[in-house]
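Structure, as structure tokens:
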Amino acid sequence: MALRLIKYHYLRFLRLPGDPRAIARGIAVGIFIGITPTIPLHTLLVLAFCLLFKASKVAGVLASMVVSNPFTVVFQYYLSWRVGNVIFPGLLSRERLQEIMAILSADSGFSTFQSSLLALSGLGFDAILVMVVGGILLALPFTAAGYSFSAKFFTRLRKNTKTST
């Protein structure tokens, strides 16, 4: 059943309407936002940046979900912290990072969304700076690679679809 669901979503992804470059921009936005440590705001940020860059909103949200999920988020936050600590050493301790992760990994729901926002806003500028700068630096190469690969992929896919019909 799960394999069938994955195949279904994969086929829907392949059939995304629109210009291949707009889809690629959406994927790049989704990858970028998905890697940055902005979990409570991912969908809002993806939609805002997709509007700004005239990118596919569906592709952006899908890419964000693929990149940032319960299996990857702890690793991403840890790497964001490590990269951010290279730039701003000592501003965010490991213990403080563990507190952040405990808050963000709580049960889902609107009340958790509110508590996540409150907890993140209470971290202080230093902690947010370390995590966001680290996340941005971590996201940049993956964003560039995602755009390049998906632009080529969807351009080739559209070309093959036109020649086969």
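The values are calculated or read from the model by the stated rules, or taken from the named source; none is laboratory data. Keep in mind it's a predicted model, so treat the numbers as computed, not measured. In this analysis, Cβ positions are derived from the backbone assuming ideal geometry, glycine residues included, and neighbour counts consider all displayed protein chains.
Anything in the stretch 18-77 that is closer than 18 Å to residue 152 by Cβ, small (Gly, Ala, Ser) and surrounded by fewer than 23 Cβ atoms within 10 Å (Cβ to Cβ)? List them, or say none.
18, 22
Among all residue pairs at least 6 apart or on different chains, which show Cβ distances below 6 Å where the first residue, located in the stretch 62-81, is touching a residue at least 40 places away in the same chain (Cβ under 8 Å) and the second is part of a loop (DSSP other than H, G, I, E, B)?
These pairs meet every condition: 77/37; 80/37.
Just give me the residues in the stretch 3-42 being more than 19 Å from residue 144 (Cα to Cα) and either among the small types (Gly, Ala, Ser) or at pLDDT 95 or above (or both), in sequence order.
18
For the subset of the stretch 7-46 comprising residues that are over 23 Å from residue 84 (Cβ atoms) and not in a helix (DSSP H, G or I), which member is nearest to the chain's Cα centre (by Cα)? Before you say what the answer is, go through the steps one by one.
If we filter the stretch 7-46 for residues that are over 23 Å from residue 84 (Cβ atoms), which is where we start, we get 7-27, 43.
Okay, now just the ones that are also not in a helix (DSSP H, G or I), so 15-19.
On the way: 15: 21, 16: 19, 17: 21, 18: 21, 19: 21 Å.
Filtering the stretch 7-46 for residues that are over 23 Å from residue 84 (Cβ atoms) and not in a helix (DSSP H, G or I), the one nearest to the chain's Cα centre (by Cα) comes out as 16.
Residues being of a type in the set (A, V, I, L, M) and more than 12 Å from the chain's Cα centre (by Cα): count how many of those fall in the stretch 47-94. I'd like the intermediate steps shown before the answer.
At the first step, the residues of the stretch 47-94 found to be of a type in the set (A, V, I, L, M) are 47-48, 51-52, 55, 58-59, 61-63, 65-67, 73-74, 79, 83, 86-87, 91-92.
Restricting the remaining residues to those that are more than 12 Å from the chain's Cα centre (by Cα) gives 48, 51-52, 55, 58, 74, 79, 83, 86-87, 91-92.
Final tally of qualifying residues: 12.
Conditions tested, residue by residue: (1) β-branched (Val, Ile, Thr); (2) modelled with pLDDT of 85 or more.
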site	(1), (2)
77	no, yes
87	yes, yes
99	no, no
103	yes, no
113	no, no
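Given the conditions (1) closer than 24 Å to residue 63 by Cα; (2) of a type in the set (A, V, I, L, M, F, W, C); (3) modelled with pLDDT under 90, which single one is not true for residue 139?
Here residue 139 meets the rest and fails (3).
Name the residues in the stretch 142-165 that are at pLDDT 90 or above and of a type outside the set (S, T, N, Q), would you?
Taking the stretch 142-165 as the starting set, the residues that turn out to be at pLDDT 90 or above are 142-156.
Across the stretch 142-165, the qualifying residues are 142, 144, 145, 146, 147, 149, 151, 152, 153, 154, 156.
In the stretch 47-60, what residues are in contact with a helix residue (DSSP H, G or I) (Cβ under 6 Å, 6 or more places away or on another chain) and part of a loop (DSSP other than H, G, I, E, B)?
53, 55, 56
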